[in-house]
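Comments concern the structure below.
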């Protein structure tokens, strides 16, 4: 049971990243590879801040700021320098490796005897503090995104993703919309790094390699479930991204508990995402 509890916590921790990828991929149709770097950036800032004695909420503010700046960098390269969005993300992700290593000063930082976000609530032996914190964080993020996407600015962002030419004809600066969207997406991704570094107890320079696939899986699984309900409701889509993140981690936990060699975990992850993508495409062609 502890094995699946850990998978549940990881699913909730990665949900913020899934919500970020939902914004970049489903709203703006941009496959943002910056995720790998901004996730690590969030974890790196968290580790350095907590070890230095910063308050966890102050650390969170710096974490979000770091992720937002990473997203802005990708957005500027894409919109102002006219570089392909995928390549722009790869360039920023590559640069962030050096930035993260420079911030850390070493490849790995353990979090030993430091105050974390889990210490802000009263301790209780009967309640899983990590679960409470993760649930509260995810609920706040879903509610905030739902509200944002229903404001005039949020509707303009969604319209930019649907028809950039039409939105530009209405006098809306689509470049600003894309930069803002990527900034928001990477800020959310950094929050995942913030949560999971504290949960696992260390930050590592390689912790973000290939992590974008987890967020992609969350979005794809959520989309597949949403199509079963034939619903385009934004709130349902956001909730299903969270559900997809949890389900994805539970599937991986089930595979490991059944005796899967951990060396093949990345292969299983890629295969699972491929299956979901194919099924989603097949359902679209049938409808």
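The values are calculated or read from the model by the stated rules, or taken from the named source; none is laboratory data. Just so you know, these numbers come straight off a predicted model, no measurement behind them. Here the Cβ is made from the backbone with ideal geometry for all residues, glycine too, and neighbour counts use every protein chain on show.
General remarks:
- Exactly one residue out of 13, 43 is under 18 Å from residue 110 (Cα atoms) and either at pLDDT below 95 or surrounded by 24 or more Cβ atoms within 10 Å (Cβ to Cβ) (or both): that is 43.
- Flag for residue 91 being surrounded by 15 or more Cβ atoms within 10 Å (Cβ to Cβ) and without any contact (Cβ under 8 Å) to a residue 24 or more places away in the chain: yes
- Test: residue in the range 195-210 that is surrounded by fewer than 24 Cβ atoms within 10 Å (Cβ to Cβ), under 24 Å from residue 84 (Cβ atoms) and under 16 Å from the mean Cα position of the chain (by Cα): yes
- For the range 128-149, filtering for residues that are loosely packed, with under 13 Cβ neighbours inside 10 Å and either at positive phi or more than 18 Å from the chain's Cα centre (by Cα) (or both) leaves 1.
- Residue in the range 190-208 that is free of Cβ contacts under 8 Å to residues at least 12 places away in the same chain and either assigned to a helix (DSSP H, G or I) or over 19 Å from residue 108 (Cβ atoms) (or both) present: yes
- Residue 221 vs. criteria touching a residue at least 12 places away in the same chain (Cβ under 8 Å) and either closer than 30 Å to residue 47 by Cα or surrounded by fewer than 19 Cβ atoms within 10 Å (Cβ to Cβ) (or both): no
- So residue 232, is it out of contact with any helix residue (DSSP H, G or I) (no Cβ under 7 Å at 6 or more places or on another chain) and outside any helix (DSSP H, G or I): yes
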